[in-house]
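Here's the structure, in structure tokens; my notes come after.
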Amino acid sequence: MSRAAASHPLPGGLLPAACAAHLSQDPGSDDPGWPALAPAELEASRSMRPRRAREFHHGRHCARQALARLGLPALPLPQGEDRAPCWPAGVTGSISHSGSWAIAAVALARDLAGLGLDIEPDDPLPLDVHALVCRPGEARRFDGMGTDPARLLFSAKESLYKCLWPLTGRFLEFSEIELSPAPGGFTARYCGQGAPLKLDRLIGRIGQAHGLVLTAAWIPAAGSG
Ligand SMILES: CC(C)(COP(=O)(O)OP(=O)(O)OC[C@H]1O[C@@H](n2cnc3c(N)ncnc32)[C@H](O)[C@@H]1OP(=O)(O)O)[C@@H](O)C(=O)NCCC(=O)NCCS
């Protein structure tokens, strides 16, 4: 087993049972023990600054560890023109980074139609972006969850966006989505001026661990258990 193979534990219930995930912290050493990127991945990474290239490599490593947990091979995961990862046929997934941390989760498309993940430092979101991220009165509903409500909303909306983008190709402003607390996480409602967007099947979860806030959003596949 590779010395980089162990996943840090995730908060219970953050992801559905159909998901496999890998959360890891960059050891900071010259050789972090991650297998080399595939040529199709290197193409994207070559134009990145060193720190970003390392973050990209870390995320790909997490994704392959997660794929292995699903019993799938370590296939290349190129970056799409929209910058989202190109997952193998029949797979849905998501990647996120924060500082030295990276996480990836994957599931079979027959189980989940969409999946989004986000990790953030578990500290207050700068005040100057609150009005951009939070709708009036929205943050108050997330008081008492042990994390700055604005940070929670930022992360949860990023997860939701990553879940929906591959399904809709639709850009969303933070103000177009309103979140409400639900057991273990959140529900979402579209409240923008654009074409209606039904979000009643989207499931959102929130957790805290390792100094991070972690959020996930997914949509069960039609007909899945
Ligand atoms: C794409 C975006 C969500 C990334 O979030 P981030 O907090 O900046 O960064 P993270 O580390 O959490 O996530 C980056 C990863 O997201 C993935 N990603 C990038 N674009 C994506 C997209 N359009 N759809 C799904 N996943 C995407 C990639 O895997 C990327 O990492 P990689 O390039 O190393 O593979 C964000 O930059 C963005 O463009 N947001 C659009 C506006 C928005 O979020 N609106 C919310 C309204 S509800």
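List of remarks:
- Computed from point charges on the beta carbon alone (+1 for Lys and Arg, -1 for Asp and Glu), the dipole magnitude for the chain about its Cα centre is near 420 Debye.
- Cα-based helix-to-principal-axis angle, 50-69 vs the chain, degrees rounded to 10: 90 degrees
- Per-residue ellipticity at 222 nm from helix content only, as computed over the chain with -39500 (n - 2.57) for each DSSP H run of at least four residues, stands at -7000 deg cm²/dmol.
- Here the chain is scanned for trypsin sites (Lys or Arg not before Pro) in DSSP loops (not H, G, I, E, B) that have at most 16 other Cβ atoms within 10 Å, and the longest stretch holding none of them is 111-169.
- Projected label distance in nm at Ala182 and Asp128, using a 7 Å step from Cα toward the beta-carbon: 3.5 nm
- Share of carbon and sulfur in the accessible heavy-atom surface of the chain [1.4 Å probe, %]: 55 percent
- Cα-based helix-to-principal-axis angle, 149-168 vs the chain, degrees rounded to 10: 70 degrees
- With the gyration tensor restricted to C-alpha atoms of the chain, the semi-axes of the equivalent ellipsoid amount to 28, 20, 17 Å, longest first.
- Here, the stretch 32-147 is characterised by an Rg to Rh ratio of 1.04, where Rg is the alpha-carbon radius of gyration and Rh the Kirkwood radius.
- Evaluated at q = 0.13 Å⁻¹, a Debye calculation over the C-alpha positions of the stretch 76-207 (equal weights, vacuum) places log10 I(q)/I(0) at -0.56.
- Pairwise FRET efficiency - Ala17 versus Leu167, Cβ, R0 = 35 Å, nearest 0.05: 0.95
- Among Leu202, Ser224, Leu164 the positive-end extreme of the charge dipole of the stretch 137-225 (Cβ point charges): Ser224
- For the stretch 117-225, the list of chymotrypsin sites (Phe, Trp or Tyr not before Pro) that fall in a loop by DSSP and count at most 15 other C-beta atoms within 10 angstrom reads Phe171.
- Within the stretch 117-220: Cβ-based charge dipole about Cα centre, in debye rounded to nearest 20 (Lys, Arg +1; Asp, Glu -1): 440 debye
The values are calculated or read from the model by the stated rules, or taken from the named source; none is laboratory data. These numbers were taken from a predicted model, which means no experiment stands behind them. Glycine also receives a Cβ, built like all others from the backbone with ideal geometry; neighbour counts cover every protein chain displayed. Quick note on the areas: whole protein, heavy atoms, side chains included, nothing else; ligands and nucleic acids left out. Shrake-Rupley method; radii C 1.70, N 1.55, O 1.52, S 1.80 Å.
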